[in-house]
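What follows is a short report on a single structure.
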Amino acid sequence: MILRAPAKVNLCLRVGPLRSDGYHRLTTLFQAIDCYDELELELEPAGETVVEGFPQDTLVRGALAALGETRRVRLHKRIPVAAGLGGGSSDAAAVLRALRGERDPNELHAIARDLGADVPFFLTGAETGFGTGRGDRIQPLPDFPRGHAFVLVPAEKGLATADVFAASAPNPIFRAVEGDLVRAMHTVRRVQDVAALMANDLEPAVLALRPDVGAALAALRREGALAQIVTGSGPTAFGLFPHRAAAEAAAARITGAFAASPV
């Protein structure tokens with residue numbers, strides 16, 4: 001069994017107050033993109049899960065354990081790790097979708113939530129999704145525009161999500177910006193509308209921890225991005241471009257960058 005697991009960017013990420021469970025209240029707009037990990041799953045006669053190709057994996061193992069399954073997994077990582085692109089979460093969701101059996105969707109969603117806040121988005125299979133709660137309650141947005149493209153600039157070294165949240169502060173006008181996003185996401189028609197809603201409340205913390213990310217944002221701006229922000233908890237910077245050809249041309253002029261499109 002061969003599975004593909006897409007990366008994501010957060011077109012918008014707003015951070016609210018801490019909840020009683022210790023997580024921040026979040027509002028976010030997920031966009032799946034055409035950068036994929038590949039997983040090869042085989043039955044494992046020894047009855048123990050083995051993951052080859054990425055020894056640091058915990059999420060694929062966690063997904064299999066939650067399903068009561070064991071497999072030999074060859075994981076071909078193409079999505080940068082600890083980069084705010086959701087690669088591990090997408091890998092886990094791909095396993096849940098492939099081996100769900102007769103499980104009730106609510107049970108599967110509960111497993112996804114336990115594995116990580118981004119896993120439910122990938123589990124839905126949505127191309128674009130609006131996330132609330134801690135980002136784990138997903139409303140698919142099938143009519144969101146698709147014609148634009150992105151340039152992504154991964155950093156040489158990843159960032160721990162916990163470190164970024166520890167260095168950040170809740171948005172003092174969270175309710176207001178959350179309302180702005182809800183209104184905007186239903187009226188987006190043009191690439192300029194997508195650019196207008198792009199924002200990330202975690203970006204100041206990312207830049208404080210990794211000032212070098214500022215150079216990536218500046219490079220995207222210089223190459224004509226309509227908007228440029230950090231995705232998720234970083235440190236990957238990405239910029240919005242009107243179409244794939246423009247994104248590929250810009251990526252060729254930025255060291256380590258690559259172009260991607262909405263899936």
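The values are calculated or read from the model by the stated rules, or taken from the named source; none is laboratory data. In this text, all values refer to a predicted model and were calculated from it rather than measured experimentally. For neighbour counting, all protein chains shown are included, and Cβ atoms are generated from backbone atoms with ideal geometry for every residue, glycine included. Keep in mind that these areas ignore ligands, DNA and RNA; they rest on the heavy atoms of the full protein, side chains included. Shrake-Rupley method; radii C 1.70, N 1.55, O 1.52, S 1.80 Å.
Ignoring everything except DSSP H segments at least 4 long, calculate the 222 nm mean residue ellipticity for the chain; use -39,500 (n - 2.57) per segment, divide by total residues, nearest 500. Don't jump to the answer; show the numbers that get you there.
Working: 10 runs with 88 residues, N = 263.
Result for the chain: -9500 deg cm²/dmol, rounded to the nearest 500.
Classify region 114-205: rounded, prolate or oblate, from the alpha-carbon gyration tensor (a ≥ b ≥ c, eigenvalue square roots; a/c under 1.5 rounded; otherwise prolate if a/b is larger than b/c)?
In terms of gyration-tensor shape, rounded.
Taking the solvent-accessible surface of protein heavy atoms with a 1.4 Å probe, what is the per residue accessible area of the chain in Å²? I get 44 Å² per residue for this part.
Its Cα centre serving as origin, region 199-263 has a Cβ charge dipole (Lys and Arg +1, Asp and Glu -1) of approximately 160 debye.
In order along region 242-254, the Karplus-derived 3J(HN,Hα) couplings, from 6.51 cos²θ - 1.76 cosθ + 1.60 at θ = phi - 60°, round to x, 7, 5, 4, 5, 5, 5, 5, 5, 4, 5, 9, 10 Hz, and Gly and Pro are given as x. Here is the size of the chain from its Cα atoms: Rg then Dmax, 18.0, 55 Å.
For Glu44, the solvent-accessible surface computed with a 1.4 Å probe is close to 30 Å², ligands and nucleic acids excluded. Once backbone amide H atoms are built at 1.01 Å from N, Cys35 has Ala7 as its partners under 5 Å, excluding neighbours fewer than 5 places away on the same chain.
Solvent-accessible area assigned to carbon and sulfur over region 155-263 amounts to 56 percent, based on a 1.4 Å probe. Remark: region 99-107, residue by residue, has Karplus-estimated 3J(HN,Hα) of 10, 5, x, 9, 5, 5, x, 5, 5 Hz, where x stands for each Gly or Pro and the curve is 6.51 cos²θ - 1.76 cosθ + 1.60 at θ = phi - 60°.
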